[in-house]
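Report on one structure; see the data block that follows.
Each value in this text was obtained by applying a stated rule to the coordinates, not by laboratory testing. The structure presented is a predicted model; accordingly, all values stated were derived computationally and were not measured. Neighbour counts run over all protein chains shown; Cβ positions are idealised from the backbone, glycine included.
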Amino acid sequence: MVPASQLRVIIDEVEPHAFSWTLMERKETDIIDVQVARSPKNFPEFDLALEDGFLALKELAREHKR
């Protein structure tokens, strides 16, 4: 059985008006988060980074179902 996990999108302001996203995963059996993916570029607004990170999360979920 595959252990349950939690996925989250984290948005960081890496410099003023430059936001990036990171997908993190924590498996039920682990105590630390593991980086699954990271944005290839920065975004000028928080909302744009969040939207792109959420799309990456949805794609990851689709791949996991296959």
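Residues in the range 42-58 that are of a type in the set (Asp, Glu) and surrounded by fewer than 12 Cβ atoms within 10 Å (Cβ to Cβ): how many?
Qualifying residue count for the region: 2.
Of all residues in the range 40-58, which are of a type outside the set (Phe, Trp, Tyr) and within 8 Å of the chain's Cα centre (by Cα)? Correct list: GLY53, ALA56, LEU57. Does at least one position in the range 39-50 carry a residue that is touching a Pro at 6+ places or on another chain (Cβ under 9 Å) and not aliphatic (A, V, I, L, M)? The answer is no, given that none of the residues of the range 39-50 is touching a Pro at 6+ places or on another chain (Cβ under 9 Å) and not aliphatic (A, V, I, L, M).
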